Amino acid sequence: MIDFVNGSTTENAKKLLGKKLLVEHDGKLVGGYIVEVEAYLGAVDMAAHSYNARRTPKVESMYKAGGTIYIYTMHGHNMINLVMQKEDVPEGVLIRGLQPTTGIEFMKANRNAESFNLTNGPGKLTKALGITRQFNGTTINTGQVRLDEMEGRTPKNISSSPRIGIPNKGIWTEKPLRFYVEGNPYVSAMPKRQMREASTTWESE
């Protein structure tokens, strides 16, 4: 189980892989397995919104206790992050990729897309799941957004790399704080030559 308050943010990022992220709409659930994440390490992390303890109304949710949902918008797309650590320690994990399992027709209607393109990116998956800024500042598992740890999958292999789209941030540009399920086709920017059948990227149940 993930300890959102006392656990290591980097280790929690890895633990999120294979957990099922679900959103409830009108009594119906939509979601899937998390396959790609990025860790952001707060005041010392030049790529984090909370770098140098920057605190504005837009990032206030990052300063709440672990388990808080932080939504921000980039290039018109919503991004969902799960806050880690104690209150006033602004670290979090960005959800970047999702393998759909539940409510797939709902996702297709939201995205007007199919196959891997449905949820293989942070803005794609929020649109598919109907995640809006109204969820910002709410807490996981107390409202519409849930993390099901009981029905998750175990990745066969977890790979790491530098985070995507983080130029000119000194050592933080190259730190391997992006983690993903190796070979899973729902990972963003996954080269086709590295893709495998999604079912083969998980340990057998």
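The values are calculated or read from the model by the stated rules, or taken from the named source; none is laboratory data. None of the values given here were measured: they were computed from a predicted structure. Every residue, glycine among them, receives a Cβ derived from its backbone with ideal geometry; neighbour counts consider all protein chains shown.
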Inside the stretch 56-86, can you point out the residues that are surrounded by 22 or more Cβ atoms within 10 Å (Cβ to Cβ) and free of Cβ contacts under 8 Å to residues at least 12 places away in the same chain? none
Restricting to the stretch 163-181, give me the number of residues that are surrounded by fewer than 16 Cβ atoms within 10 Å (Cβ to Cβ) and either more than 17 Å from residue 39 (Cβ to Cβ) or touching a helix residue (DSSP H, G or I) at 6+ places or on another chain (Cβ under 7 Å) (or both). 2
Can we say residue 137 is at pLDDT 95 or above and assigned to a helix (DSSP H, G or I)? no
With the requirement that a residue be without any contact (Cβ under 8 Å) to a residue 40 or more places away in the chain and either surrounded by 23 or more Cβ atoms within 10 Å (Cβ to Cβ) or in a helix (DSSP H, G or I) (or both), what does the stretch 31-55 give you? 44, 51, 52, 53
Select from the stretch 146-186 the residues that are closer than 16 Å to residue 122 by Cα and either in contact with a Gly (Cβ under 9 Å, 6 or more places away or on another chain) or basic (Lys, Arg) (or both) and list them in ascending order. 163, 178, 180, 181, 184, 186
Scanning for something within 19 Å of residue 138 (Cβ to Cβ) and outside any loop (DSSP other than H, G, I, E, B), does the stretch 100-115 turn up at least one residue? no
Residues (surrounded by fewer than 23 Cβ atoms within 10 Å (Cβ to Cβ), in contact (Cβ under 8 Å) with a residue 40 or more places away in the chain and over 15 Å from residue 147 (Cα atoms)) located in the stretch 87-101: 89
Odd one out for residue 190, checked against (1) at pLDDT 95 or above; (2) buried (at least 21 other Cβ atoms within 10 Å of the Cβ); (3) part of a loop (DSSP other than H, G, I, E, B): (1)
Please specify each residue of the stretch 130-147 satisfying the condition of being in contact with a Leu (Cβ under 8 Å, 6 or more places away or on another chain) and surrounded by fewer than 18 Cβ atoms within 10 Å (Cβ to Cβ). 141, 146
Would you pick out the residues in the stretch 23-40 that are hydrophobic (A, V, I, L, M, F, W, C), touching a Ser or Thr at 6+ places or on another chain (Cβ under 7 Å) and closer than 25 Å to residue 190 by Cβ? 30, 39
